[in-house]
Amino acid sequence: MLVERSAKLYALIIIILITAFNPWFTEQCLGKKIEEKEFGKIVAKVNGQPIYQSTLVSAVEEYKKKYSKFGMKNPRPVFIKTLQKQALDKIIEDEVLSQASLVHQVPDIKEQINEQVVKLKAQLKTREKFDQYLAKRQLDNERLELWLKQKIQINSYLKSQGLSSSQVSEEEIQSFYEKSKEGFRREESVKVRHILVQLNPDAGPEETAIARKKIEKAREKILSGKSFSEVAKEDSQCNSASGGGEIDYINHGYMPKEFDEVAFSLEAGTLSQVVRTTFGFHIIEVLDKQPGGIPSLAAMRDFINKYLEQQALQKKLADHIENLKKNAAIEIFEGAIGT
């Protein structure tokens, strides 16, 4: 839960730093006149600079995609209006920050853009993948450089304003831990990997004997020195085989009772005997064990520190943007919401 909240709190910064192409920035940075017929009517202005309907529509569509993941397929008109208002508020916040960042000088910005392009091409490895990357984001080379310029410009501006990092005290960390430690409570868990030879529960003696021989042979390979991961890839009939049999941390009740009992009774680094469940025969190896209860402050310190730093940074940024908005001339035109 805290991880999700932390991600949401920091999302504003991340979104701003990787803001996609917008018409206003094209006009300012490339000197290209934006025509209304290309981007729709103007729904708002920030310091005289237009926000186009197409920008708002695209932002609302992104919000709708996010909510559709939670099962909302046909949102009601009143909810669409709420999304439009949220999207327009966010666009205006991005706009005032973008405009403020343009005053900040980045002497080597061309070199940084070139470095980012080279790095991106290296990550994507082939020209085909690079072209697919651009097409997916509706970018060409010119707009890619524009997008990178905006990202670098804003990132540099935030750093110059002390908005790229934050620090919290040990007292704040301890206080947060004491107030929130019940929320950190966790169940006992074990990190395991296994090899499965499938067998139907109603299998006869002959099938059972063949399956048991296969699993015992796999266990012998491991005891003879072959890596568990290799044997799992060769012999396991579980979907986890491609990952070396690893199924990560599990709590009580996640796996069948017979598997559960063995996994939680073994010491870390121990290989089990053959275990039979309703799925068939297994060999289990415990990689790590996490006790249940509330983790210590020492175990949680790094996580809490990062969470509080992000929270403090988000507040600083929100306050900064609010001050920029107070000093900006913002016009929202009739019909902007509900378009």
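With all protein chains present, how much of the accessible area of region 145-251 (probe radius 1.4 Å) comes from carbon and sulfur, to the nearest whole percent?
Numbers: 2640 of 6260 Å².
Looking at region 145-251 in its full context, I get 42 percent from C and S.
Which pairs break 31 Å Cα to Cα here: K129/K221; K69/K151; K64/K125; K85/K136; K191/K214? Walk me through the numbers on the way to the answer.
Details: K129/K221 41 Å; K69/K151 28 Å; K64/K125 33 Å; K85/K136 27 Å; K191/K214 24 Å.
Listed pairs above 31 Å: K129/K221; K64/K125.
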Please identify every one of the trypsin sites (Lys or Arg not before Pro) in region 51-129 that sits in a loop by DSSP and has no more than 11 other beta carbons within 10 Å of its own beta carbon.
K69, K73, K125
Read-out Cα extents along the principal axes in Å, candidates (i) 81, 52, 47; (ii) 57, 48, 42; (iii) 94, 53, 48; calculated match is (i)
Cα gyration tensor shape for region 67-186, rounded if a/c is under 1.5, else prolate or oblate
oblate
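Sorted by packing (mean other beta-carbon atoms within 10 Å per residue), highest first, where do 240-251, 281-292, 218-229 land? Write out the running numbers ahead of the final one.
On the way: 240-251: 16.5, 281-292: 18.2, 218-229: 14.4.
Descending mean neighbour count gives 281-292, 240-251, 218-229.
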Work out how much length E331 to Q273 would gain on full extension: take 0.36 nm times their residue separation and subtract the Cα-Cα distance, in nm to one decimal.
13.7 nm
Pairing the Cα long axis of helix 297-326 with the longest principal axis of the chain, what angle in degrees results, from 0 to 90 and rounded to the nearest 10?
20
If I fit a long axis through the Cα atoms of helix 77-103 and take the longest principal axis of the Cα atoms of the chain, what angle between them do I get, 0 to 90°, rounded to 10?
70
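How would you classify region 126-234 from its alpha-carbon gyration tensor, with a ≥ b ≥ c the square roots of the eigenvalues: rounded for a/c under 1.5, else prolate if a/b is greater than b/c, otherwise oblate? Could the numbers behind the result be given before it?
Details: a/c = 3.67, a/b = 1.64, b/c = 2.24.
Cα axes put region 126-234 in the oblate bin.
All other residues with a Cβ under 13 Å from the Cβ of Q116 taken together, and with Lys, Arg as +1 and Asp, Glu as -1, what is their net charge?
Details: positive: K110, K119, K121, K149, K151; negative: D108, E111, E115, E145.
With Lys, Arg at +1 and Asp, Glu at -1, the neighbours total +1.
Using a 1.4 Å probe on the protein heavy atoms, what percent of the accessible area of region 263-339 belongs to carbon and sulfur? Write out the running numbers ahead of the final one.
Values: 2050 of 4070 Å².
Its accessible area is 50 percent carbon and sulfur atoms.
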Sequence gap at least 6, Cα distance under 8 Å: using those rules, report the relative contact order of region 168-294 to the nearest whole percent.
39
Using a Cα distance threshold of under 16 Å, what count of lysine pairs results for region 223-339 when pairs must be 8 or more residues apart or interchain?
5
Quick one: accessible area per residue over the chain, 1.4 Å probe, rounded to a whole number of Å²?
60
Between the helical axis of 127-136 and the dominant principal axis of the chain, each derived from Cα atoms, what acute angle in degrees is found, rounded to the nearest 10?
60
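The values are calculated or read from the model by the stated rules, or taken from the named source; none is laboratory data. The model shown is predicted, which means the values in this text are computed figures rather than measured ones. Positions of Cβ are generated from backbone atoms using ideal geometry, with glycine treated the same way; all protein chains shown enter the neighbour counts. Side chains are part of the model used for accessible areas, which takes the heavy atoms of the whole protein and leaves out ligands, DNA and RNA. Shrake-Rupley method; radii C 1.70, N 1.55, O 1.52, S 1.80 Å.
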